[in-house]
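The values are calculated or read from the model by the stated rules, or taken from the named source; none is laboratory data. It should be emphasised that the depicted structure is a prediction, and the values quoted were computed from it without experimental measurement. When we count neighbours, we look across all protein chains shown, and the Cβ atoms used for this are built from the backbone with ideal geometry, even at glycine. These accessible areas exclude ligands, DNA and RNA; they are computed on the full protein's heavy atoms, side chains included. Shrake-Rupley method; radii C 1.70, N 1.55, O 1.52, S 1.80 Å.
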Amino acid sequence: MLKNKILEFIEAYILLKNKSIMAKLFVFSSILVVFPVLAVGLISYRTSSSQLEEEFKQSSIQIMEQVETHIEYYEQDFEITSLKIINSPDFNNLLRLEKDNALYNQEVTQDARNVLKNAVYSRPDISNITAILNNGLVIDTLEERNYYPATKIKEEYWYSSVPKNGMVMLVSRTLKIKDKELPVISLVRRLYNPYTLKPIGILVIDINFKRFREISSMVTLSENGCFFILDNKGHYVYHPDSQKLGTKVEYKQLLELGSNEIGSLIIENGQKEFVSYSLSSNLGWRFFTAAPYKDLRGPMEQIRTVITWTIVISLILAYFWGMIFTLRIVRPIRRLQSYMKEVEVGNLGGRVKVESSDEIGQLSHGFNRTVERLSNLLDEVYVSKLKEAEMSLYNKETELKVLQSQINPHFLHNSLETIRGMALEEGKEDIANISYSLGKLLRYNLRSRYPIVSFTEEIKVAELYLQIQKYRFEERFEYSFDIPDWASKQKVVKFSLQPILENCFAHAFGNSVEKITINIKVEQTSEANYLIRIIDNGKGIDEVVLEEINRKLAQSSISLDGLHIGIMNVHQRIRYLFGDEFGLSIISQKGNGTEVIIKLPLVDSKDVESNEDDFARR
């Protein structure tokens, strides 16, 4: 019971059993369109978003690797600069002085100051170079412009951490120049006496942020993003906000990266930020690019917008065309329903308009034919006897025409026999032979019931015709055969040679030909085909005429402007009986005769209808 109720519910409310066809089509088409379009849109958005985000991560990581490499080379360049300064002869003289002499040797001090100034002038990204000796001597290229006493450098947090093994150290500092502060990155290296190898001071090269700003502008991921550098203790080495230089980073996640050399992550700081980083093992720095996550999702939002609008427009168009399509289906059905009601009450005069050839159109057409047949059935009851009488009369008339059509050939045959008898009585052997040959041709035409005969029968018919022409032309005409034994039982089309031979006499010979020769030869070209060649020595065919004939043969055209009708007749019958690959072709040259080639299939001779008894007696 419950099962039946469930089935009834499904049929009534899901399959819409009792609803109109239009309602069913509208609902089902909606389901078929909406769900696939929404599914495709959602899958496309998720796939493209994931792919875009992954590509963005990979791109940002590659950028950070390039930044790391670039800054490492940049720092190494300054290391080389510091070594050039230390190893220069004038600065090296300062390092050689004893502790007490350094304060009083002004010449050596001035030479060393010139070395430092030349290094500053050679590079726009060097703001200042300071040499601080343990004996209290300070050489500063800014001199009085530096409002930050060099002696205070010793009080800075990093001073005691300067490596004592000759390696360099990079720290973030701020120079005070008159009424402004200049953030710099300082490269610090200890100075040693070249004789005693004891530390005697430090060399500080202050590098401005010009190059770092250029790098930051190139690698920033969005307008609201930034590029910054942290040292191994988490202090800002570089940041667009100079107030943060030297302070500790405020994001705990960035302090917990450990030994991860490269990667990306999302941090929360009031808003989501996408951060990619790269660790320089040479410098001990970690490079970062940060950008608001919503900025990076801009392309994804554009994709979502495009997909959403595409879905909306697609659905609108689908519903629009769906309504038109539904109406085109339902309207003919309603029209057919209306006419069926007319037929039910006995009105057989109406016809449904057929507007298409689809199933509905075929149904309407079938309805019209059914109604028409019902209407005609009423008339056939009254006229059936008359039609039977007319048919009987037509059949008798047809039989009479058939019998009459057989009288003329028989009359001609009997007349030829009479002429032959009279000629023999008068001793006219030639006339008797011609009459006999013509009679045999007529008898062959009347008795052969099949359109295909053996080659032996057809060549005998051709020879009869050639003998008749021999009586006509006497010594001016010769003919010959070149026929192998295997060809005698091959199939040929009945009366296929005689029309071609007749064409030779009708068109090929003119007054210029002294003696007429015709040769008929047969040759096998493959395991499936053989050729019959009919060659004459006539005047040939003009090139333009030959081209037209061959074109008509290729097209199987019926009309040849009244000429060569026999050739076309033979060609069409061959193609009809054996196939389009068989038939006639003509080779000719003006003044050098003509060759007609008949291409036929090699077939089993047992299926050939033989009429050789027609030629058994003379």
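How long is the gain from S375 to I324 if the chain were fully straight, where each residue apart is worth 0.36 nm and the alpha carbon distance is subtracted?
Using 0.36 nm per residue and subtracting the Cα-Cα distance, I get 14.8 nm.
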Expected sort for 274-282, 473-481 on mean C-beta neighbours within 10 Å, highest first, is 274-282, 473-481
Specify which residue in the list G284, Q302, I266 is farthest towards the positive end of the charge dipole of the range 253-305, using unit charges on the beta carbon of Lys, Arg (+1) and Asp, Glu (-1), about the Cα centre. Q302
Along the Cα→Cβ direction, 7 angstrom out, place labels at I266 and R533. What is the inter-label distance in nm? 8.9 nm
How much length would be gained if the chain were fully extended between K198 and L182, taking 0.36 nm per residue of separation minus their Cα-Cα distance, in nm to one decimal? 2.5 nm
Solvent-accessible area of E107 with every protein chain in place, 1.4 Å probe, in Å² to the nearest 10: 130 Å²
Once phi is turned into ³J(HN,Hα) by the Karplus curve 6.51 cos²θ - 1.76 cosθ + 1.60 with θ = phi - 60°, what whole-Hz value does each residue of the range 177-194 show in order, with x for glycine and proline? 10, 6, 9, 9, 10, 10, x, 9, 10, 9, 9, 10, 9, 6, 9, 10, 6, x
One finds, for S259 and L42 with R0 = 45 angstrom and r their Cβ-Cβ distance, a FRET efficiency to the nearest 0.05 of 0.65
Test of understanding: what is the full-extension gain from N550 to K353, defined as 0.36 nm times their sequence separation minus their Cα-Cα distance? 66.0 nm
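For the range 42-154, count all C-alpha to C-alpha pairs, find those more than 20 Å apart, and express that count as a whole percent of the total.
Above the 20 Å cut-off, the range 42-154 has 59 percent of its Cα pairs.
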Given H placed 1.01 Å from N in the peptide plane, which residues other than close sequence neighbours of K272 have an amide H under 5 Å from its amide H? Y293
How would you classify the range 120-259 from its alpha-carbon gyration tensor, with a ≥ b ≥ c the square roots of the eigenvalues: rounded for a/c under 1.5, else prolate if a/b is greater than b/c, otherwise oblate? prolate
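How would you classify the range 459-544 from its alpha-carbon gyration tensor, with a ≥ b ≥ c the square roots of the eigenvalues: rounded for a/c under 1.5, else prolate if a/b is greater than b/c, otherwise oblate?
Since a/c reaches 1.5 and a/b is larger than b/c, the shape of the range 459-544 is classed as prolate.
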Given bins 5 angstrom wide, list per bin the percent of all Cα-Cα distances in the range 151-204, short to long. 4, 17, 27, 23, 13, 9, 4, 2, 0
Would you mind listing how long the range 108-157 runs along its three principal axes, going by Cα atoms, in whole Å with the largest first? 30, 26, 19
Which FRET efficiency value, to the nearest 0.05, is calculated for L317 and N282 with the Förster distance at 45 angstrom and r the Cβ-Cβ distance? 0.15
